[in-house]
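Down below is the structure, laid out as structure tokens.
The values are calculated or read from the model by the stated rules, or taken from the named source; none is laboratory data. Here the structure is a predicted model, which means the values were calculated and not measured. Positions of Cβ are generated from backbone atoms using ideal geometry, with glycine treated the same way; all protein chains shown enter the neighbour counts.
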Amino acid sequence: MMTITRADLQTVLERYMTVQRRRDPVALAEFHTPAGIVESPMYGTRVGRKAIEEAYRAFWTSFPDATYELEAIVIEPPHMAAFTTVTATHMNDFFGLPGTKRRIEIRGSRLLRMDGELIMHERRIYDFTGVLVQVGVLRAKPAKP
């Protein structure tokens, strides 16, 4: 069994973010093990590269100009946490809502458990309700004093 170092995982994460910025769902799915799992508030639990690829593709269809900023990384092999901000414009269908051209910002984290240099399990944590408010699916009521 290969020993994976912090430096190795940092390099993997940097490559992953580079591909993320290119919005390439096929290449991103290849970062996951063949039976990899992604848990996402937006797309539920996805198992396997094809299902993971479909979730990436669906997001970029709805938000084709999505940009990704990596704010912080915590690495403790075989685990990583990546804290990111995603900004995008809602241009196309998103869960039945036609594009609104509204801008969204999603601040969140990705908790990754690695198998060597591949992602075995990824848990995404972010405020999906906030995304729905930003695109206009939900309306936020101001708090009463």
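From the list MET42, MET80, the one residue that fits, being in contact (Cβ under 8 Å) with a residue 60 or more places away in the chain, farther than 15 Å from ARG113 by Cα and not in a helix (DSSP H, G or I), is MET42.
Restrict the check to the stretch 84-95 and report whether at least one residue is of a type in the set (Gly, Ala, Ser), surrounded by 15 or more Cβ atoms within 10 Å (Cβ to Cβ) and either under 28 Å from ARG6 (Cβ atoms) or under 15 Å from the mean Cα position of the chain (by Cα) (or both). Yes, there is a match, as at least one residue in the stretch 84-95 is of a type in the set (Gly, Ala, Ser), surrounded by 15 or more Cβ atoms within 10 Å (Cβ to Cβ) and either under 28 Å from ARG6 (Cβ atoms) or under 15 Å from the mean Cα position of the chain (by Cα) (or both). Could you grab the pairs with beta carbons closer than 9 Å, sequence gap of 6+ or different chains, first residue in the stretch 3-16 and closer than 17 Å to ALA29 by Cα and of a type in the set (A, V, I, L, M), second one surrounded by 13 or more Cβ atoms within 10 Å (Cβ to Cβ) and at pLDDT below 90? Partner pairs satisfying both residue conditions: VAL12/ILE4. Looking across the stretch 48-76, just one residue is touching a strand residue (DSSP E or B) at 6+ places or on another chain (Cβ under 7 Å), loosely packed, with under 13 Cβ neighbours inside 10 Å and over 17 Å from SER109 (Cα atoms), and that is ASP65. The number of residues in the stretch 1-41 that are under 17 Å from the mean Cα position of the chain (by Cα), of a type in the set (Val, Ile, Thr) and modelled with pLDDT under 95 comes to 3. Restricting the stretch 109-120 to residues that are surrounded by fewer than 18 Cβ atoms within 10 Å (Cβ to Cβ) and either hydrophobic (A, V, I, L, M, F, W, C) or touching a strand residue (DSSP E or B) at 6+ places or on another chain (Cβ under 6 Å) (or both), the residue that is farthest from TYR68 (Cα to Cα) is ASP115.
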